[in-house]
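A short worksheet on the structure shown next.
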Amino acid sequence: MKKLLAMTLALTMAAVTFASCGDSGNNTSSKAEETTTTTAAETEAPAETTAPEDTEEPAETTAEEDAAPVVDNSNWKPLSGIKDALEDYDNASVTFQPDSDITGIISTFYEGTDDVKPGEAGYDGDEAQIEFSVQDVAGVPMLKCNEVIYDTADEENNGHKVLKIKVDMNKLFAAQPELMDNIFNIKVELVAIAREQAVYDEGMGPVTVAWYGGAMGTNNNGNWNGNMATFDMASDMGEGWCNQWAHCVTNARIGIKEKAKFNHEYETNYLTVMSWVVKSDIDFYIADIVFEDDAGNVIAIPEGAIPGGATYEQEENIDADSDGIIEYAEDGTVILEK
């Protein structure tokens, strides 16, 4: 019996051992498969990288977002274009020569002549100090009315003031004073040239005349007759404004107001031109003046009314942007080619 039990136990152990060996073989195979699968997965891993996404990433930013602001310069004209823009120069009563001596004929108009004048110690008014000269602008001699910036503490307007200019009609018509009595209409042709970037309330703009304006009138026998005409001008507009200069003609029909008319019997007769305050650095020029009677005929000033013999240091006019394109940096400021 013991022998039989021993044999049975031996057979049972053998069977268990056999079964155990079979499981071991299956586990080995399974591990091999897992190893093979893992290895395959590892070799295929590079195909799952995000390299394609990296190469496509720039396409996520649009060209409009990447590019600098686009400026329309189709209306751009260089400073030499000023000459062609003049409307009345060839038929004007008053033009200037390079040596025109305007001393005493054209001067600064101060409302309070007995008070401290602009540029003098203690002056706190709003009138500008002006230096006059004849400058060549695009081949045309023009009267430059240069504002002297003397009050740089005025942060609101960058030190700029109101330009007030007067033309002494008694001196201009000294040889034939009665001619001024026939003046019914006056036209003054004006030019403005920007010297620096335009100053806006919100920041800097291109080198253009964003706006420049003022008024014209008369002051006869010490009586201010009010502004008979106003003017404003701005550079020809592209997207962002594109010209460095501006031009206009202001027209005043003084004959419709008796007190505004010139009278050779008056002690003083003045034509007045003034420009309002702007924050930008802009040069102001008078190109020509036209006097007309009530029928529209041009009244010429007496020959030799403006003598010669003066000399002026000439200023060079150079286009701020040599190729006519206003370029903007990423922060919106203008890039100039010097």
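The values are calculated or read from the model by the stated rules, or taken from the named source; none is laboratory data. Computed from a prediction, not measured in an experiment: that's the story for all the values here. In this analysis, Cβ positions are derived from the backbone assuming ideal geometry, glycine residues included, and neighbour counts consider all displayed protein chains.
Any idea which of (1) among the basic types (Lys, Arg); (2) touching a residue at least 60 places away in the same chain (Cβ under 8 Å); (3) within 22 Å of residue 169 (Cβ to Cβ) is the one residue 257 doesn't satisfy?
(2)
Confirm whether residue 178 is surrounded by fewer than 16 Cβ atoms within 10 Å (Cβ to Cβ), touching a His at 6+ places or on another chain (Cβ under 8 Å) and either in the same structural domain as residue 301 (by TED's automatic domain parsing) or polar (S, T, N, Q) (or both).
Taking the combined requirement at face value, the residue satisfies it.
Does residue 86 satisfy the criteria of being in contact (Cβ under 8 Å) with a residue 40 or more places away in the chain and in contact with a Phe, Trp or Tyr (Cβ under 9 Å, 6 or more places away or on another chain)?
Here the answer is no, as residue 86 does not meet what is asked.
Could you check how many residues of segment 166-207 are free of Cβ contacts under 8 Å to residues at least 60 places away in the same chain and more than 24 Å from residue 230 (Cα to Cα)?
1
In this structure, is residue 130 in contact with a Lys or Arg (Cβ under 9 Å, 6 or more places away or on another chain) and in a strand (DSSP E or B)?
Taking the combined requirement at face value, the residue satisfies it.
Across segment 273-327, what is the number of residues that are at pLDDT below 95, surrounded by fewer than 16 Cβ atoms within 10 Å (Cβ to Cβ) and hydroxyl-bearing (Ser, Thr, Tyr)?
Residues in segment 273-327 being at pLDDT below 95, surrounded by fewer than 16 Cβ atoms within 10 Å (Cβ to Cβ) and hydroxyl-bearing (Ser, Thr, Tyr): 1 in total.
For the condition surrounded by fewer than 14 Cβ atoms within 10 Å (Cβ to Cβ), among the acidic types (Asp, Glu), in contact with a strand residue (DSSP E or B) (Cβ under 9 Å, 6 or more places away or on another chain) and in the same structural domain as residue 267 (by TED's automatic domain parsing), what is the one hit in 189, 147, 120, 155?
120
So which residues in segment 211-247 are modelled with pLDDT of 90 or more and among the hydrophobic types (A, V, I, L, M, F, W, C), if there are any at all?
Across segment 211-247, the qualifying residues are 211, 215, 216, 228, 229, 231, 233, 234, 245, 246.
Can you find a residue in segment 132-142 that is free of Cβ contacts under 8 Å to residues at least 40 places away in the same chain and either surrounded by 12 or more Cβ atoms within 10 Å (Cβ to Cβ) or more than 20 Å from residue 289 (Cβ to Cβ) (or both)?
Yes.
Would you be able to say whether some residue in segment 243-264 is among the aliphatic types (A, V, I, L, M) and closer than 19 Å to residue 108 by Cα?
no
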